[in-house]
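A short write-up of the structure that comes next.
The values are calculated or read from the model by the stated rules, or taken from the named source; none is laboratory data. On a predicted model such as this, the values are computed, not experimentally measured, just so you know. Here the Cβ positions follow ideal geometry from the backbone for every residue, glycine too, while neighbour counts run over all protein chains shown. Just so you know, the surface numbers come from the protein's heavy atoms only, side chains and all, with ligands and any DNA or RNA stripped out. Shrake-Rupley method; radii C 1.70, N 1.55, O 1.52, S 1.80 Å.
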Amino acid sequence: MHQFIRAFDVDAEGSLSNNRIFAEMHSAEDGVPDGMKVDVEGRVYCTGPGGCWVFDAAGNHLGVIVLPEIPANCAWGGDDNRTMLFTARTSVYSLRMTTPGTAIPTG
């Protein structure tokens, strides 16, 4: 099975180009790449095999946040957007981060 994160360039009209592999998430553990979020420093968090994988803005693998269950999705929360929430099969987990997540545009 392919376990990649792909990246694209987006032009002003919303068209995609330059399809490329941003990161690989191959693992013998259960789970597939799924929920994804970015922090204000450009780090990418993607739930997948064994936990939540973390990549720098260039796609270099920095590590895995290991949780009691394999997470399916993640979201930024809290008043200051520094709490990462992870949904899993039976629970929701939270982890306080030092760097805030990107804000969702409103309005």
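Any idea which of VAL54, VAL40 is surrounded by 16 or more Cβ atoms within 10 Å (Cβ to Cβ) and under 18 Å from ALA75 (Cβ atoms)? Show your work before the answer.
Details: VAL40 fails: surrounded by 16 or more Cβ atoms within 10 Å (Cβ to Cβ).
Of VAL54, VAL40, the one residue that is surrounded by 16 or more Cβ atoms within 10 Å (Cβ to Cβ) and under 18 Å from ALA75 (Cβ atoms) is VAL54.
Looking at this structure, is PHE86 loosely packed, with under 14 Cβ neighbours inside 10 Å, among the aromatic types (Phe, Trp, Tyr) and in a strand (DSSP E or B)?
no
Given the criteria more than 11 Å from the chain's Cα centre (by Cα) and either at negative phi or surrounded by 13 or more Cβ atoms within 10 Å (Cβ to Cβ) (or both), does ALA72 qualify?
no
Restricting to the stretch 63-83, count the residues that are part of a loop (DSSP other than H, G, I, E, B) and within 12 Å of ASP39 (Cβ to Cβ).
Result for the stretch 63-83: 2.
From the residues in the stretch 89-107 that are in a strand (DSSP E or B) and not aromatic (Phe, Trp, Tyr), which one is most open to solvent (accessible area, probe 1.4 Å)?
In this case the residue turns out to be ARG96.
Has the stretch 29-50 got any residue that is in a strand (DSSP E or B) and more than 20 Å from ALA7 (Cβ to Cβ)?
no
Which of the numbered conditions does GLY78 fail, given that it passes all the others? Conditions: (1) surrounded by 12 or more Cβ atoms within 10 Å (Cβ to Cβ); (2) within 15 Å of the chain's Cα centre (by Cα).
Single failed check for GLY78: (2).
Rundown of residues vs (1) open to solvent by 20 Å² or more (accessible area, probe 1.4 Å); (2) more than 11 Å from the chain's Cα centre (by Cα); (3) at positive phi, yes/no style:
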{"residue": "SER15", "(1), (2), (3)": "yes, yes, no"}
{"residue": "ASN18", "(1), (2), (3)": "yes, yes, yes"}
{"residue": "ILE21", "(1), (2), (3)": "yes, yes, no"}
{"residue": "GLU24", "(1), (2), (3)": "yes, yes, no"}
{"residue": "PRO33", "(1), (2), (3)": "yes, no, no"}
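Residue by residue through the stretch 57-69, note down the ones that are closer than 23 Å to PHE8 by Cβ and open to solvent by 40 Å² or more (accessible area, probe 1.4 Å). If you could, list the steps in order and put the result at the bottom.
Just the residues of the stretch 57-69 that are closer than 23 Å to PHE8 by Cβ, to begin with: 57-62.
Answer for the stretch 57-69, where residues must be closer than 23 Å to PHE8 by Cβ and open to solvent by 40 Å² or more (accessible area, probe 1.4 Å): ALA57, ALA58, ASN60, HIS61, LEU62.
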